[in-house]
Amino acid sequence: MNDTPARGVEEKAGPGSSLLLTLLLPIIIVNIIAFVMPVANLAAMSFREAASTGSLSDVVSLKVWASLLEDSYYWSIAWRTIWLGVLITIITLILSYPIALFASRAERGRAVLIVLCISPLLLSAVVRTYGWMVILGEQGFLPALIRQVGFTPPRLINNEVGVVIGMTEILMPYMILSLLSGFGKLDVTLEQAAETLGANRFTVLRRIVLPLSLPGILLGSLLCFVLAVSSFITPKMLAGGRVALLATEIYDQAIVTLNWPLAACLSVLILTVFGAALLFYGQLTKIIE
Amino acid sequence: MHLKVESLGKRYGIFPPSVTDLSFSLKHGELLGLLGPSGCGKTTTLRMISGLVSATSGKITVGGQDVTQLPTFRRNMGVMFQSYALFPHMTVAENVAFGLEMRKVPKDEIARRVASALALVHLEKVGERKPRQLSGGQQQRVALARALVIEPDILLLDEPLSNLDAKLRDNMRNEIRDIQQRLSITTVFVTHDQTEAMAICDRIVVMNGGKLEQMGTPREIYETPATPMVADFVGRINRLSGRWAGKDMVSLGESHIRVRNQGVEGNSVLVMVRPHRIRLVKHDQPEGATADNVVPGVLRQITYIGDTLQYAVEALGGIVLVDEATRFAASGHHPGDRVLLCWAAGDTLTFDMVTPQ
């Protein structure tokens, strides 16, 4: 129809782009008010100082940032946050992959299985975390069971172990959903073709299924890492204040100590971690393309 | 390697069986076509041979060895899928090399064999590309190279040409046949297209409703079909029902016609004649009508489709279709003309109707 490609583009750019802009306008406004402005405000706040009463001074200074970067305590928190985030993500992935694969392959009851997988999301994370406190606590179900068998139970709560167990269970639905979206593209005839070429079940999984589900794996991992790093309710409840993470520290500084500039600083730090994770994700996606 | 299938059956749960009591065998280097309408069980049969579907009964032997219980990855059969099933995350060369890697072939030999397999299908230059960067025809060649490079005992082709456009299909069909004969590889070819099957197969198995209807050479299938279904499936054909009126005579309405076979007088019979075996003669030129059967009729419709003219003639109490090659069709018939239909007794197929009583 169009004689030149340039004309085609022009025609498309005309009424199409203004319609696109109109449709995008509401979400742009909401995002500016609810996301961009608060984050900018937060960043600005990190350059101010707080009195012990919590009131903010009007001086712009780098004092809070300097104290943060010098203090090895905050560095250790940052590293622990990242390390636990990675660990939780890996364990969640390993536990979710077989479930997601099974659910996507199920001939009957596929919908029921998927609903079952994501049904924990219907309960608040607080309620589920209380459940884990009952199960993992000193006098809880699991230690009692281990004692029954005749072993001394390890400490499962108020330490990193508890946080990992709780967070893994909380995050599994998100991972399963991401993996399922990735499995959609996996064609069974590809696996059959591999079989006819002499690949056994395990080789088919390693050479065909895993590489083809990498996009879903990466997406789920990014999602779980971000959620693991930013969550504070579950770590706070299951660690009993004994595992300091960036998110819990922000909560303490903002609500307990009323040191808003420091909380703002830590928030910017966590945003940087997310940014790095996103970049890493982008690079990996490019490689597998 | 020769392939033998003995009373093979497949049943899924409580449903009627997809394949029942199917037996056939292939000599080394033979190309056998499994032909039938969709849902006739031909693909299921192919999948049972490859091991992707397990047989509920029967036996499959390759070169005398029973493979019925062998898992797919131990069967050494090259399969070409309808969708080609090329691995999207691997390059063309990696796709072709996959089967050799599974067989633990040394690296340098893999490179050599992949190159010669790609050369066999005229794709020397695309080894480093991803499958999605190739055209449909090229993808299909890759799939063929991948199935052949492992030097399979049996080559199984599942509707390999159905995703190609008409022109390419004819080329590819002849190319597959050429490669198959050069490598002398025993091959089973599943298709629903009778022209495709007749063009390249040594023998054809016609299936219907999970059962074998007829097995034979393309000529046997076409000229002496065993059942009305086969006659109907392998080409256009006229169906007329009549009654035996003598040893080799059938009465159709008012007329009596001579047929190829013999029957019992009084029994009802289905008569079938291919449209292009009937000749059309003008009613006022009876001297041209020298044939076993000459039947009067009225021309109702003429359809021009390029290489043939298709006539619909009202005769024998129904509509009889007649095909005439356009290069012989200068005689100038018009709708409404009274005509004579002429054809040989040898072209008149008969099938005795089984009456319930």
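For B:His2, neighbours were defined as the other residues whose beta-carbon sits under 12 Å from its Cβ, and their charges (Lys and Arg +1, Asp and Glu -1) total 0. Compute the acute angle (0 to 90°) between the alpha-carbon long axis of helix B:107-120 and the principal axis of greatest extent of the alpha-carbon atoms of chain B; round to the nearest 10°. Helix B:107-120 sits at roughly 20 degrees to that axis.
Computed from point charges on the beta carbon alone (+1 for Lys and Arg, -1 for Asp and Glu), the dipole magnitude for the stretch B:3-233 about its Cα centre is near 620 Debye. Can you give the FRET efficiency for A:Tyr73 and A:Leu271, using 1/(1 + (r/R0)^6), R0 = 25 Å, r = Cβ-Cβ distance, to the nearest 0.05? Working from the Cβ atoms, E equals 0.80. Taking every full run of DSSP H in chain A, the ones that stretch at least 15 Å from end to end by Cα along their long axis and average 0.0 or higher on the Kyte-Doolittle scale are A:17-31, A:72-105, A:125-136, A:160-183, A:214-230, A:260-288.
So which trypsin sites (Lys or Arg not before Pro) in the stretch A:154-221 are both in a DSSP loop and have at most 15 other Cβ atoms within 10 Å of their Cβ? Don't jump to the answer; show the numbers that get you there.
Numbers: sites: A:Arg155, A:Lys185, A:Arg201, A:Arg206, A:Arg207; in loops: A:Arg155, A:Lys185.
Loop-located and lightly packed - A:Arg155, A:Lys185.
Distance from the alpha carbon centroid of the stretch B:101-172 to that of the stretch A:159-173 works out to 48 angstrom. Full extension of the chain segment joining A:Ile29 with A:Ile90 gains 18.3 nm, where the gain is 0.36 nm per residue of separation less the Cα-Cα distance. The radius of gyration of the Cα set in chain B, together with its Dmax, comes out at 24.9, 79 angstrom. Approximating the spin labels as points 7 Å out from Cα along Cα→Cβ, the B:Arg112-to-A:Arg242 distance works out to 6.6 nm. Inter-label distance, A:Leu19 to B:Leu168: 3.3 nm, where each label sits 7 Å from its Cα along the C-beta direction. Over all distinct Cα-Cα pairs of the stretch A:103-168, the Kirkwood formula returns a hydrodynamic radius of 13.9 Å.
Across all directions, the average flat footprint of the convex hull enclosing the Cα atoms of the stretch A:151-197 is 6.4 nm². Among the trypsin sites (Lys or Arg not before Pro) within the stretch B:86-171, those in coil by DSSP and having at most 14 neighbouring Cβ atoms inside 10 Å are B:Arg103, B:Lys104, B:Lys125.
The heavy atoms of B:Ser7 offer some 50 square angstrom of accessible surface to a 1.4 angstrom probe. Does the protein assembly as shown classify as rounded, prolate or oblate by the C-alpha gyration tensor (a ≥ b ≥ c root eigenvalues; a/c under 1.5 gives rounded; else a/b over b/c gives prolate, otherwise oblate)? The shape class here is prolate.
Distance from the alpha carbon centroid of the stretch A:220-284 to that of the stretch B:44-70 works out to 58 angstrom.
A Förster radius of 25 Å, combined with the Cβ-Cβ distance separating A:Glu107 from B:Ser83, puts the computed FRET efficiency at roughly 0.80. A DSSP coil position with no more than 14 other Cβ atoms inside 10 Å describes the following trypsin sites (Lys or Arg not before Pro) in the stretch B:1-66: B:Lys27.
In this simple spin-label approximation, B:Thr227 and B:Asp307 carry label points 7 Å from Cα along the Cα→Cβ vector, and these lie 3.0 nm apart.
Enter the angle in degrees (range 0 to 90, nearest 10) between the Cα long axis of helix B:166-183 and the first principal axis of the Cα atoms of chain B, meaning the one along which they spread out most. With rounding to tens, the tilt is 60 degrees. Can you tell me how the stretch A:73-288 classifies by the Cα gyration tensor, rounded, prolate or oblate, using a/c under 1.5 as the rounded cut? The shape class here is oblate. When B:Glu124, B:Glu324, B:Glu287 are compared by accessible area at a 1.4 angstrom probe, the order from most to least is B:Glu287, B:Glu124, B:Glu324.
Mean residue ellipticity, 222 nm, helices only, the protein assembly as shown: the sum of -39500 (n - 2.57) across DSSP H runs of n ≥ 4, divided by residue count and rounded to 500, is -13500 deg cm²/dmol.
The values are calculated or read from the model by the stated rules, or taken from the named source; none is laboratory data. From a predicted model like this one, the values you see are computed outputs, not experimental measurements. Heads up, the Cβs are rebuilt from the backbone with ideal geometry, glycines too, and the neighbour counts pull from every protein chain shown. We work out accessible area using only protein heavy atoms, side chains counted, and drop any ligands, DNA or RNA first. Shrake-Rupley method; radii C 1.70, N 1.55, O 1.52, S 1.80 Å.
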